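Since the structure comes first, as structure tokens, the remarks are kept for the end.
Throughout, read-outs are computed from the coordinates displayed, never taken from laboratory work. Quantities reported herein were computed from a predicted structural model and do not represent experimental measurements. Cβ coordinates were reconstructed from backbone atoms using ideal geometry, including for glycine residues, and neighbour counts include every protein chain displayed.
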Amino acid sequence: MTNWGYRINKDRQIDFDRNDRRLAMYIRKYEPSYQLCISCGACTATCSTGNLTDFYNIRRLNIFLMRGEIDEIAKHIDKCMFCGKCELVCPRGVNTRKVILIMKEGIKKIKHNEQL
Amino acid sequence: MNNFDIFVLPFAIGLYTLLIVFIAKAYDWIKHLPVEDRRKIGKGILSRKIFGVFKEIFLESLLHRKIFKVNPLLGYMHMSLAFGWFLLIIMGTIESKIYGRDLLNAPWDPIFFKYFMHDTNKFHSAFFNFTMDFLLLFVLSGVGLAYAKRIRAKIFGLKKTTKQILFDKLAIFSLWLIFPLRLLAESLTAGIHHNGGFLTGGLGTLLARFIPAGHFEYTAWWLYSLSVGTFFFVLPWSRYMHIPTEILLIAFRRFGLKTKTGFTNFSQIEVYSCPRCGICIDKCQMAGDLGNEKPAAVYFLNSIRAQKVKTNLSFDCMICGRCEQFCPVGISLNEHRMIQRNKLISNSYNFHFLKNGSQPKAKVAYYAGCMTHLTPSIKKAMIYILDESRTDYVFLDKDGGACCGRPMMLSGNFGGAEKLIEANKESILKSEAEILVTSCPICYKIFRKQYNLPIRVMHHSEFILALVNSGSLSINKSALRAVYHDPCELGRGSKVYEEPRELLNHAVDLVSSPYEMENALCCGGSLGNIMLNYEEKDRINQSVWKEMMTNHPEVLVTACPLCKKTFNKNAPLPVKDIAEIVVESMKVRHLTTTSKITVTEAAL
């Protein structure tokens, strides 16, 4: 077939009936306070890494988590410097550092095809 | 003198088993130590340090000086058992050598002496009979106190005692019977053969009047031997393994071995040296304020020894250092927590976004740290002080920067922490500063311990004190009643207790609180504990506030931005950082020269 130079864009549709909720369920089990998040953005404003990069913050990770985009989380989660500022400013009392730790463990288990 | 009867066998089997097991374990431990550690041991044995080792063994393993400091009655109990038993063995050995004809005696000769030796009409008999009975009474007083402690720990100033595992229960059961059985056996023999002292002789005569002592004498010695034998046999698998292991620990520690970021056999020796005394449970604020004693240091060490360390337990610790401070054996508990965390988590990190650009140069580098950025009042106060004192400084992380790395270390990710250290060190060295000043004790601790900087590192309280002492800053004293809270990372963590107080004495009327210096309480805001939720941290904080209010201060002064933020949540009083207090009491001095005055090492 002739290559006409048209590009086919990747499908950016997220099907909430069929997304990968393994990691979300894992976190819900071990640190349920993550569900308290109201996306207020205080964590984003104060994030040390977010200040030095253009992408990373824990609020965004929550969105990836709900959508089931575990690969996106894995790409960015190692940037967290664990400073703890997000936890101090959170108005809802989410235990953010524990969430990051558990996410990292969950991702490791998924990569090794272990039971979550 | 060949004293032998078949009843000595349980004792002998127990003793020889213990010796063989311990020597084998010690050999295995030492053989697999890292090479530098073994070299240190070799050098240490042949040096004067060996005197320090014997001194510490005498003062701590026998006299239990550190436990006396926690509670005198508790110290007496442990001392009477340890030192009393030690003296019984020494005196007993001398006694059996004097009565016997050979220089070498079988190990059971001193233990069962009164059974074999009935002729006590020698000139030295009165002395030995008295001394041995006195020492037995001494030990029995400790045994009695030990029974009491199980029933009412409160008399010893402890809120709780340790929950015992099976082998410990077996060991304690046999240990608690040893000396009462010795008393019984010796007394029965004394009642028949009149070879006792004031205690055994008196009791023996009494017993002989009411019961046929002859029938029971042999059985009593059998029971005594069985109890000692059982105790020795079970010892290597129980808490009492600390008795021989502690000696190795004291010696190796004095020779320079340490637990740092890896679990070596020295760390294993530390784990086996835990006597499960329970003082750590008493000092832990989570056990006291939250009623949660499961993650206390003693149970944590138990889990390391059993090789069943659980994530929840190793992360549920504030790393405040209170347990480590009061541990009578001096186990480096904080390091052990972090090492186990390191083993349990995935040590991944990705800090490629840390770029190091050019760095302006100055004599003093000020590093605010993540937490100070979250408490801008401290930042403003520090900048004011630095400007007013005409210090030549550069604000390293003015627009935010990389975290110092200690929170990462506390979470167990040593690899990530190393990377952060590398990046920050580069920018510190590029500034060519002579002094690094930080307003956060968490950063201060890691700068001092892990960064290996060739320049001087100061906490802002030390630095401001130096400015005041050198005349670059002048402050007025007010009548404000202030109480100072020692932050965990600055106080117990870095041993900086005096400088903040000295500085505050220039500015306010400092009052004391019941928990100060090494005994200070943790504010609860710890970055070391990943498991606590905000409500539990609040509870701890509220009980700390109660203690701080004891002498009716008007303001609480902290030296740590995290403490300040934590205390502010439940504050009945204003909470101020040291820098803010200094700013409030400063008079602005306008200097005649226009050049910047640098704070050099000489002035300090």
Task: Fewest-first ranking of B:V508, B:V496, using other Cβ atoms within 10 Å as the exposure measure - done: B:V496, B:V508
TODO: For the stretch A:89-116 and the stretch B:39-103, write down the distance between their C-alpha centroids in whole Å.
DONE: 50
- [ ] Using a 10 Å cut-off on Cβ to Cβ distances, tally the other chain neighbours for every residue of A:75-81 and report the average as a whole number.
- [x] 6
- [ ] Could you give me the percent of Cα pairs per 5 Å distance bin for the stretch B:31-130, shortest bin first, beginning at zero and ending with the bin that holds the maximum distance?
- [x] 2, 10, 14, 12, 11, 13, 15, 11, 5, 3, 1, 0
- [ ] Go through A:S33, A:G106, A:Y56 and say which Cα lies farthest out towards the positive end of the charge dipole of the stretch A:5-111; charges sit on Cβ, +1 for Lys and Arg, -1 for Asp and Glu.
- [x] A:G106
Open item on the list: Neighbour counts of other C-beta atoms within 10 Å: give me B:W237, B:W85 arranged from fewest to most.
Closed with: B:W237, B:W85
Task: Size of charge dipole - the stretch B:127-185 - debye, nearest 20, with Cβ of Lys, Arg +1 and Asp, Glu -1, no other charges - done: 500
Task: Cβ-based net charge around A:A45, under 11 Å, with every Lys or Arg adding one and every Asp or Glu removing one - done: +2
Task: Within the stretch B:250-288: backbone nitrogen closer than 18 Å to the B:Q542 label point (7 Å, Cα to C-beta) - done: B:285-288
Open item on the list: Distance cut-off 32 Å, Cα to Cα: go down the list A:K111/B:K449; B:K40/B:K419; B:K477/B:K565 and report the pairs above it.
Closed with: A:K111/B:K449
TODO: With +1 on each Lys and Arg Cβ and -1 on each Asp and Glu Cβ, and nothing else charged, work out how big the dipole of chain A is about its Cα centre, in Debye to the nearest 20.
DONE: 140
Task: Unit charges on C-beta of K, R, D, E only; dipole of the stretch B:295-393, Debye - done: 280
Open item on the list: Please compute the length gained on full extension between B:R481 and B:A26, using 0.36 nm multiplied by the number of residues separating them and subtracting their Cα-Cα distance.
Closed with: 158.2 nm
TODO: Take every Cα pair under 8 Å in chain B that's 6+ residues apart, average their separations, divide by the length, and report that relative contact order as a whole percent.
DONE: 12
Open item on the list: Just to confirm my numbers, what's the Cα centroid distance between the stretch B:228-273 and the stretch B:110-142 in Å?
Closed with: 32
Task: the stretch B:459-520: trypsin sites (Lys or Arg not before Pro) in DSSP loop, at most 13 other beta carbons within 10 Å - done: B:K477, B:K495
Task: Beta bridges by DSSP in the protein assembly as shown, antiparallel share as percent, to the nearest 5 - done: 5
TODO: Rounded to the nearest 0.05, what FRET efficiency do B:N568 and B:I89 give with R0 = 56 Å and r taken as the Cβ-Cβ distance? Could you check?
DONE: 0.45
Task: Ranked list, fewest to most other Cβ atoms within 10 Å of each Cβ, for B:S187, B:S585, B:S431 - done: B:S585, B:S431, B:S187
Task: Rounded to 5, percent antiparallel among DSSP beta bridges of chain B - done: 5
- [ ] Apply 1/(1 + (r/R0)^6) to the Cβ-Cβ distance of B:R65 and B:E36, taking R0 = 25 Å, and write down the FRET efficiency to the nearest 0.05.
- [x] 0.25
Open item on the list: If I take R0 = 35 Å and measure r between the Cβ atoms of A:A42 and A:E72 in this structure, what FRET efficiency does the formula 1/(1 + (r/R0)^6) give, to the nearest 0.05?
Closed with: 0.95
Task: Sum of -39500 (n - 2.57) over DSSP H runs of 4+, divided by residues of chain B (222 nm, nearest 500) - done: -17000 deg cm²/dmol
Open item on the list: How many angstrom lie between the Cα centre of the stretch B:310-345 and the Cα centre of the stretch B:474-536?
Closed with: 22
